[in-house]
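Only one structure is covered here, and it is reproduced in the block below.
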Amino acid sequence: MTFDNSSLPGPFARALCLKIDNGISTDYRIFEESLIMGVYKNIITIDPNIRFGKPCIKGTRITVYDVLGWLAAGLSYEQILADYPELKMEDIKACLAYAAEREHKLKIAL
């Protein structure tokens, strides 16, 4: 396992590069450290005065639910960014990270 931050720009500059060798070929997969570490907390905010306290992208009224809904409807990252120029790729990824962490923390009552 090696660390490499030379090829990624912006707040996602630090990446964990995982070398996977399955005996046939070697594959390098890049996992953005900021998503693994939960840096979405700098992007996703909850304010009871904005959208009834739903988690929103900082500085906007766009909720995590909105972004997830657009992705689920089949919109690409590029389409979302074109329709909402105030968003950045990091914002969309932060929404996915937020949802993933909430799902991970979900407890099932039996």
> What is the distance, in nm, between label points placed 7 Å from the Cα along the Cα-to-Cβ direction at I50 and at Q79?
Replying inline: 2.6
>> Please compute the length gained on full extension between R102 and K41, using 0.36 nm multiplied by the number of residues separating them and subtracting their Cα-Cα distance.
In response: 20.7 nm
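Every number here is computed from the coordinates shown, using simple stated rules; none is lab data. Nothing here was measured: the structure is a model prediction, and the numbers come from that model. In this analysis, Cβ positions are derived from the backbone assuming ideal geometry, glycine residues included, and neighbour counts consider all displayed protein chains.
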